Amino acid sequence: MFSIDNKWATILSDFCLDISKAYFIAAFVSPAINIVSSAQIFFVLIRGIINVIIFLWFSRYLLQIKK
């Protein structure tokens, strides 16, 4: 596999946390701008939540590598 030292694991983990925060905000703000149908809003929200979960999982994984 690959090896990441503690410094890079911390930096990448913080970066993934920042990305997940930004994605969470964008996922809930963008449907309010373009309200087309409830099905499309639901799809955008679910897609945003899934991406946030992926980034949070990757951030946690990087912190486990750090230990």
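More than 20 Å apart: what percent of Cα pairs in the chain qualify?
Here the tail beyond 20 Å accounts for 40 percent of pairs.
Suppose each label sits 7 Å from its Cα in the direction of the beta carbon; what would the residue 26-residue 60 distance come out to in nanometres?
Simple spin-label model gives 2.3 nm for this pair.
How large is the accessible surface per residue of the chain, computed with a 1.4 Å probe and reported in Å² as a whole number?
Each residue of the chain exposes 78 Å² on average to a 1.4 Å probe.
Using alpha-carbon pairs under 8 Å, 6+ residues apart, how would you state the relative contact order of the chain in percent?
Contact order relative to length: 57 percent.
Between helix 6-33 and the chain, what is the angle of the helix's C-alpha long axis to the longest principal axis, kept within 0 to 90° and rounded to the nearest 10?
Taking Cα atoms only, the helix is inclined about 0 degrees.
Putting +1 on Lys and Arg Cβ atoms and -1 on Asp and Glu Cβ atoms, find which of 11, 62, 25 reaches farthest to the positive end of the dipole of the chain.
62
The values are calculated or read from the model by the stated rules, or taken from the named source; none is laboratory data. Predicted model only: the values in this text are computed from it and were never measured. Cβ coordinates were reconstructed from backbone atoms using ideal geometry, including for glycine residues, and neighbour counts include every protein chain displayed. Protein only, heavy atoms only, side chains kept; ligands, DNA and RNA dropped before computing areas. Shrake-Rupley method; radii C 1.70, N 1.55, O 1.52, S 1.80 Å.
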